[in-house]
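For reference, the structure discussed in these notes is given below.
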Amino acid sequence: MSDSFISDNNNFHIEVKTNFDFDQSNPLNFQYLFRYTVVITNKGDVSAQLLSRKWNIKDAKNELKFVEGPGVIGQQPNFEPGQSFEYSSFCPLPTMSGEMWGHFNMINKYGQSFKIDTPLFKFDVPKEFIDNY
């Protein structure tokens, strides 16, 4: 089962789906792995390129970490109007829940920089797995 989180801003639509990865987690060592899939769609009429991203990651103990860098999964995709890009990644946490949010730094075909904010998305170990721990 996955949860879906959506945001719309600067003519871009972002949908994030999250899942708990039971097989790659090790609760005895407080290691919980969550997977997420992001779909970014250009809803405007101007092409743009994703240059970099910044993530804020907060665990259930309210400890905050930041991750930033060029592109996503080693790519800096271009978006023509109406075009989408989908990628999947993961987030390890030391707690059974957490949340993540951030933004993508973009540049349009006219050389103007802007950012698109992601939705805040949540990670939770599903109840059916908690009894297994």
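The values are calculated or read from the model by the stated rules, or taken from the named source; none is laboratory data. Just so it is clear, the structure is predicted and the values come from calculations on it, not from any experiment. Glycine also receives a Cβ, built like all others from the backbone with ideal geometry; neighbour counts cover every protein chain displayed.
Overview of values
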| quantity | calculated |
| --- | --- |
| Identity of the residue in the stretch 11-39, crowded, with 17+ Cβ neighbours inside 10 Å and of a type in the set (S, T, N, Q), that ends up farthest from E99 (Cα to Cα) | N11 |
| Qualifying residue in the stretch 80-87 (condition: at positive phi and modelled with pLDDT of 95 or more) | yes |
| Of the criteria (1) without any contact (Cβ under 8 Å) to a residue 24 or more places away in the chain; (2) over 13 Å from the mean Cα position of the chain (by Cα); (3) within 24 Å of S4 (Cβ to Cβ), which one S97 fails | (1) |
| Options M100, M106, M96; residue that is surrounded by 14 or more Cβ atoms within 10 Å (Cβ to Cβ) and farther than 24 Å from Q24 by Cα | M106 |
| Failed item, numbered, when K17 is tested on (1) within 10 Å of the chain's Cα centre (by Cα); (2) in contact (Cβ under 8 Å) with a residue 24 or more places away in the chain | (2) |
| Pick from the stretch 40-57, criterion in a strand (DSSP E or B) and among the hydrophobic types (A, V, I, L, M, F, W, C), ranking: surrounded by the fewest Cβ atoms within 10 Å (Cβ to Cβ) | L51 |
